[in-house]
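Heads up, the thing below is written out as structure tokens.
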Amino acid sequence: MLKYYQREDVVREIVDYSKSRWVSIECESQQGRRIFLRYWAKGKLPLRINSAGDISKILGRFKGLKPRSIYATIHLYKSLSNVDDPSSIEYTTPIWDIDVATSDWEAALKAAAIIVEILRDEGVTESVFLKWSGRGVHVHLHEKAFSEKLREKIHPLDLAFAAVEYVRVKAEKRLSAAHIGTESLKIENEMDIKRVFTVPMSLHRILDRVCVCFKPEDIANFTLDWVNPDNPRHSREWRHYVEGEADNLGVKAFRQVGGYIGWQQPAREQGLKALAKTVKTGKLGRFQVMALLQAARYYLVKGDLEKAKSFGLNRAIFYAWAKYHGRYRRKAVGVRRPAEEKEKPMEGEAVEMLGNEAAFLSSRGWFTIGGQEQTPRDYDRQIAFRISSIVPYEKAWEAAVKYLSRFPREVLLDQRKFYEKAYKPVRDRFQDLLG
């Protein structure tokens with residue numbers, strides 16, 4: 001391991017990527033416990049790598065713990081002397097984390113290709129690269145693809161969080177529509193204030209593999225032979241970007257998703273007010289209105305708030321999928337309704353009925369579509385936070401419950417009646433109900 005980290009090509013890539021980032025080291029596990037180091041010593045300075053000497057110094061300092069993998073934050077800092085201060089963050093790298101079981105690695109590449117396709121649709125082509133992390137793919141958007149002008153208006157972490165979430169939701173819909181995916185496949189938004197990812201050319205913490213970078217045009221050519229530590233196939237083109245290329249995506253994503261959900265509440269509210277002066281947040285979209293009303297519908301019928309969130313997001317995804325999937329299959333007579341599309345269960349899924357509407361459940365009891373769970377946390381991130389960037393979520397929730405309470409129970413229990421009589425009349429003007 002030490003010999004590997006002395007190789008010139010390995011040192012060059014690690015140093016260039018890690019500069020200005022907060023570095024962490026993972027050592028061999030002890031008694032089943034992972035050893036993760038982020039500081040030189042307790043209460044001391046964060047680890048950093050700005051030169052080849054820094055790598056040698058870190059590996060030597062912690063040699064007794066057998067360091068193996070090197071990680072770095074998604075942030076590049078103006079100064080590492082105060083990493084707890086959000087104002088010290090100069091850039092944040094948007095990264096889509098695609099995890100799969102080892103045997104499903106080809107499915108991860110298909111998911112990555114869809115993310116790349118969506119980014120291309122948004123006008124982002126030159127500033128994208130991929131990393132094979134060991135058990136999955138990380139799709140990177142170069143942090144400098146957002147212009148300085150835009151980063152002055154919107155915090156880099158807000159931009160990264162919004163862009164990843166915006167594209168992630170689109171990708172999951174396309175994966176479901178194309179019936180691509182496995183039970184183990186997950187596309188996650190891991191944008192966080194202290195989040196780290198494996199650096200290029202680092203060894204995997206367990207597997208005998210190395211983290212290599214490659215460009216989108218090589219997705220179809222990638223094989224696991226590329227990650228062999230003795231002869232890795234790695235592209236140095238991860239450095240390439242076009243400044244400002246992702247600005248339109250950043251603004252669109254922020255308008256629809258909002259910013260990072262992990263800010264302290266007072267700071268987050270103040271930030272949204274300040275940003276609203278320069279970036280108009282727009283109005284609620286149909287996806288959010290559908291999820292909100294479906295959640296309120298489930299809550300009124302069954303009284304379980306957490307499962308209501310899962311149901312609301314699940315139904316919103318299903319209707320979006322049905323609209324996309326049935327776009328060219330309109331009926332000869334009448335108007336096609338998304339509710340008429342049929343879902344197919346995955347192996348082992350249970351079914352729960354809400355009136356005459358069936359939805360599938362995971363083994364953990366959350367609603368699922370295409371093998372992907374929709375948890376209450378997902379709802380909070382994708383729906384509640386987006387709503388709260390425009391209107392107070394609590395006010396929207398109360399309005400949704402009050403609005404649906406006007407309808408007889410037979411409407412809430414009938415899939416088509418709910419869609420036609422409750423959802424359609426307010427899908428483009430729900431905010432009018434807030435007074």
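The numbers here are math on the coordinates, done by the rules we state, and not lab data. Source: prediction; values computed, not measured. Please note: Cβ atoms are built from the backbone with ideal geometry, for glycine as well, and neighbour counts cover all protein chains shown.
Quick notes on this structure:
- Gyration tensor (alpha-carbon) shape descriptor, region 4-276, a/c threshold 1.5: oblate
- Lys/Arg +1, Asp/Glu -1 at C-beta; the chain dipole; positive extreme among W226, Q431, F161: Q431
- You can think of it this way: the chain between E420 and D432 has 2.5 nm of extra reach, that is 0.36 nm per residue less the Cα-Cα gap.
- The gain in end-to-end length when the V351 to D304 segment is fully stretched comes to 15.3 nm, 0.36 nm per residue minus the alpha carbon separation.
- In order along region 127-134, the phi-based Karplus estimate (6.51 cos²θ - 1.76 cosθ + 1.60, θ = phi - 60°) of 3J(HN,Hα) comes to 9, 10, 8, 10, 10, 8, 7, x Hz; Gly and Pro are listed as x.
- Principal-axis tilt of helix 52-61 within the chain, Cα atoms, nearest 10 degrees: 90 degrees
- 3J(HN,Hα) couplings calculated from phi for region 252-263 with the Karplus curve 6.51 cos²θ - 1.76 cosθ + 1.60 (θ = phi - 60°) are, in sequence order, 4, 5, 5, 4, 8, 9, x, x, 4, 7, x, 4 Hz; Gly and Pro show x.
- Cα gyration tensor, region 174-224 - rounded (a/c under 1.5), prolate or oblate: oblate
- Formal net charge of residues neighbouring K19 (Cβ-Cβ distance under 12 Å; K, R +1; D, E -1): 0
- Unit charges on C-beta of K, R, D, E only; dipole of the chain, Debye: 920 debye
- Residues of type lysines that K149 reaches as a straight line, Cα spacing below 20 Å, ignoring anything fewer than 8 places off in the same chain: K78, K252, K273, K277, K280
- For the chain, relative contact order (Cα pairs under 8 Å, six or more residues apart, normalised by length) works out to 14 percent.
- Distant-in-sequence amide H partners of E90 (H built 1.01 Å from N, under 5 Å): L76, Y77, K78
- Helical content of the chain, expressed as a calculated mean residue ellipticity at 222 nm, amounts to -10500 deg cm²/dmol (DSSP H runs of 4 or more residues, -39,500 (n - 2.57) each, divided by residue number, nearest 500).
- Filter on K19/K131; K323/K402; K173/K323 - keep pairs with C-alpha separation over 21 Å: K323/K402
- Cross-link reach list, aspartates and glutamates versus K302, counting only Cα pairs under 18 Å and skipping chain neighbours closer than eight places: E352, E357, E398, E410, D414
- D225-V242 pseudo-label distance in nm [points 7 Å out on the Cα-to-Cβ vector]: 3.3 nm
- Projected label distance in nm at E28 and S56, using a 7 Å step from Cα toward the beta-carbon: 2.4 nm
- ³J(HN,Hα) computed for each position of region 158-169 - Karplus, 6.51 cos²θ - 1.76 cosθ + 1.60, integer Hz, glycine/proline x: 4, 4, 5, 4, 5, 5, 5, 5, 4, 6, 4, 4
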